[in-house]
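Participant: Please see the structure below; I have some questions.
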Ligand SMILES: C[S@@+](CC[C@H](N)C(=O)[O-])C[C@H]1O[C@@H](n2cnc3c(N)ncnc32)[C@H](O)[C@@H]1O
């Protein structure tokens, strides 16, 4: 990574787009704490390079509590990704709604994988200034709801599809159609994403798609088989701060709270 500063001050703080800076900031924050869970130092390097009103962002994303939420969510997804890539070293990786996430650096630092990161064009413009394409790493500027981009992703090998922090912002119809397009195009692979419980969706006007449980997705698309369903509270033991660890344990004991944010894994 180079060290020149990048101006993000034009990024809208309305709608869903700003949220990519929120998750980046929380991962950076978490990486700087003692005993980090994810330890995403790439996020910390990126934040250091970005010109943006991070003081305002800090008030909005509340690091100190929410850093664990993004770290636990990403750690589970990274672990599932690493296991899949060990079983399928030649796989294609397709990340949807990548924002400024650095998963490709965490899991493929030398750019040896066939890895595609997709987000809307304005986001990919910013992303390119932080993380240039290298090796086999490519970025796709498109909305997931558009039809044109999918044929550009090779379908000649197993695929690992990751959508972190994306599906709650789509409608049920958009998610359903996307999942069918994906399973129609790729013969075999895994789909990893996180879902919010209905009550959590109702708490924020930006969220639109709730997940009640993993079988709901199997009913939406019978090509998908539920292979993992892990509430982020399940890994509360990893939280180094004792008071937050106890809150997570308490949440895990209450079914409605345990299901607030869940990582899902599907095979097809
Ligand atoms: C909460 S951020 C998550 C970003 C990243 N995955 C992470 O964990 O840091 C949501 C991301 O979804 C992207 N997004 C929202 N709607 C999208 C769409 N229709 N097509 C592609 N990306 C979309 C946003 O631009 C944003 O980057």
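Every read-out reported here was derived from the displayed coordinates using simple, explicitly stated rules and does not represent laboratory data. Remember, predicted model here, so these are calculated numbers, not experimental data. Note that each Cβ is placed from the backbone with ideal geometry, even for glycine, and that neighbours are counted across all protein chains shown.
Participant: Along the Cα→Cβ direction, 7 angstrom out, place labels at residue 242 and residue 35. What is the inter-label distance in nm?
Facilitator: Those two pseudo-labels are separated by 1.1 nm.
Participant: Rounded, prolate or oblate for the chain? Axes are the square roots of the Cα gyration tensor eigenvalues, ordered a ≥ b ≥ c, and the cut-off for rounded is a/c under 1.5.
Facilitator: rounded
Participant: Follow-up. When the chain is fully extended, how far beyond the present Cα-Cα distance does residue 10 get from residue 202, taking 0.36 nm per residue of separation?
Facilitator: Between residue 10 and residue 202, full extension yields 66.2 nm more.
Participant: Take residue 133 and residue 107, extend 7 Å from each Cα along the Cα→Cβ direction, and tell me the distance between the two endpoints in nm.
Facilitator: Reported label-point gap for residue 133 and residue 107 is 2.1 nm.
Participant: Based on DSSP H runs of at least 4 residues, each adding -39500 (n - 2.57), what is the mean residue ellipticity at 222 nm of the chain after dividing by all its residues, to the nearest 500 deg cm²/dmol?
Facilitator: Calculated at 222 nm, the ellipticity per residue is -12000 deg cm²/dmol.
Participant: Okay, next question. Residues in the stretch 117-137, backbone N under 13 Å from the label point at residue 174 (7 Å along the Cα-to-beta-carbon vector): list them, ranges by number please.
Facilitator: Within reach of a label on residue 174: 119-121.
Participant: Relative contact order, percent, of the chain when contacts are C-alpha pairs under 8 Å separated by at least 6 residues?
Facilitator: Contact order relative to length: 16 percent.
Participant: Please work out the Cα center distance from the stretch 91-156 to the stretch 42-77, rounded to the nearest Å.
Facilitator: Here the answer is 21 Å between Cα centres.
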